[in-house]
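Report on the following structure.
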Amino acid sequence: MISIVLYGRNDNYGYNLHKRAALSLNCMAEVLSDPDDEILFVDYNTDNDFPTFPEAIQDTLTEKAQRLLRVFRVRPAIHARWKSVTHLFTLEPLARNVAVRRSNPNNRFILSTNTDMIFVPRRGASLTDLVRDLPYGYYGLPRFEIPETLWEGLDRKDARGVIEQVGKWGWSFYLNEIVYGPPHDKFDAPGDFQLIERKDLFAIDGFDENMLLGWHVDLNIAKRLRFLRDNDCDLTGSCFGYHCDHTRQATPMHKSTSPMNDFNLFVESVREATLVNQRETWGCAGDDIEEISLVRPASRAYLGALEAAIAEPLKAPLEAGYEFTQYWDRINYDPRHVLPFLLDLLVCEPRDLRIAYFGGHRAMFDLLRVALRRVAFEKDILVCRESAARLGLAPDDAGVAASDEVFGANVFIFDCVTINGDAVSNEMSASDAALVDDLIVSFYRFVDDERARPAPPRRVVMINAIENRFEELVRKYLDYARTPFSTRLRHGFVRRGEKQGLLEARKQRRARRDLRTWMMSTATCQKK
């Protein structure tokens, strides 16, 4: 019957977002009763290495809310198409259209609303029952405000109790004030409850995706819907809508200086319902948008991957030291200890991610490969053909590739230990010294490539670049996170704006060193 359409981002937008969103999602689920009802949340432009917002607050959602939620993840790569023409991190019309296009076709209505609304049916019935037999039309509600201190005190998982309490407060504390809007819609702030025939939204080509600056998206759709019918329908007699106010903190949308969509262009001057220019593309029609189920969250896949990769439990606590003078070039790690932290950095990334591995520590490589396959990464880890033998790989094994393909990856992992997983040191074998040399050369090439690329930065993960020669590279060339020693990880991005040519400079230094060595050996021979 109803597809509720919402959008957001895992960024704590506005004060106490997690609390008001959980209240809203749980209460919305509580008032839905048809088997086809659904709540569609478009997670728009959350950083790739973060979980979606609903995943992040999953433990605060009721079982019913988790079951009804369908989460669509719009990655930053899609938002990048509009990044240069908007100050916003989320684009409302595009996000709503992604959900509308993928909504259940069995449902008659799309309810376009927001993750801070609580709906209180006035006759005790579900919202589904209230709208089931409505005549054809577009329906709205006035928005009643709830002060922050009131909604902050509510139990977010007691949906039925919250609905009853808010309904009482509305009368007891004089919250129920109907604010009428401009001629384009009956009520002020109509975007918090716009109940629209699904077929009408498809007929008019969805929300206007040219509205890139915020505000008036609701008035635009209301104005365009008027060309399909000649009246605004009011559900106030059946349901109240309460808004969890969140203006203690001025968000990018609410600052007095924030740019807005042109009211005259997108409302006053609108003369037709349809948007021919976006008819074939609205809602990311050509994009494969990820759908995430909270019944089978990424955290469950992460646990399953660790269980599959790590066969035996730890028998006694691991031990390590961390002090410059005593442990320089003495630190190693157990791959089974590092894997949970390494996989944690990757598990939220797109499943078509290309990961490049540089190193010769086969135990770490094998664990990571098993874990990534278990969490459904689609492509094998990339390894340079020249170094595949160190990992026991044949030249034609999956993932083994030419250097140019490997350096075209999205994420780069440098494993800074010897072939057997020992600490790098001056006492290394010749084969380990060659491995370390290759690691440094590959790192320099990666830095040079990054500084030359106009594309968004690519993440680099350094395993065990701690208290050894690789830590100097991290400090000198990366903007990195100061992660705990125990993780053995340093991760971040190449510092831009500095000179290129690190690899070439290293080649020149090596040539000068080799020349000095040759000259010294020649002089020694002549003396003899």
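What follows draws every value from the coordinates through simple rules; no lab data is involved. These numbers were taken from a predicted model, which means no experiment stands behind them. Here the Cβ positions follow ideal geometry from the backbone for every residue, glycine too, while neighbour counts run over all protein chains shown.
Values as computed for the structure displayed
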read-out	value
Ranked list, fewest to most other Cβ atoms within 10 Å of each Cβ, for VAL375, VAL406	VAL375, VAL406
Magnitude of the charge dipole, the chain, Cβ model with Lys/Arg +1 and Asp/Glu -1, debye to 20	1640 debye
Order of SER238, SER387, SER293 - criterion: other Cβ atoms within 10 Å of each residue's Cβ, fewest first	SER293, SER238, SER387
Charge tally in the Cβ shell below 11 Å around GLY392, where Lys, Arg are +1 and Asp, Glu are -1, GLY392 excluded	0
Exposure proxy order (Cβ contacts within 10 Å, fewest to most) of LEU40, LEU213	LEU213, LEU40
Rounded to 5, percent antiparallel among DSSP beta bridges of the chain	40 percent
The range 2-285, dipole about Cα centre (Lys/Arg Cβ +1, Asp/Glu Cβ -1), debye to the nearest 20	360 debye
Computed Rg/Rh of the range 2-285, alpha carbon atoms with Kirkwood Rh	0.93
Other-chain or far-sequence residues with amide H under 5 Å of ARG122's (modelled H)	CYS239, PHE240
Estimated vicinal HN-Hα couplings, Hz - the range 61-76 in sequence order (Karplus 6.51, -1.76, 1.60; Gly, Pro = x)	9, 5, 4, 5, 4, 4, 5, 7, 6, 10, 10, 10, 9, 9, 6, x
Principal-axis tilt of helix 502-527 within the chain, Cα atoms, nearest 10 degrees	10 degrees
Within the chain, helix-based [θ] at 222 nm, where runs of 4 or more DSSP H residues each add -39,500 (n - 2.57), nearest 500	-10000 deg cm²/dmol
Entry for Cα Rg over 2.2 N^0.38 Å (calculated from the structure that is shown) out of [x] 1.10; [y] 1.21; [z] 2.19	[y]
Estimated D of the range 298-497 in µm² per second, where Rh is the Kirkwood radius over Cα pairs and Stokes-Einstein applies at 4 °C, 1.567 mPa s	75 µm²/s
Average projected area [Cα convex hull, the range 270-387], square nanometres	14.2 nm²
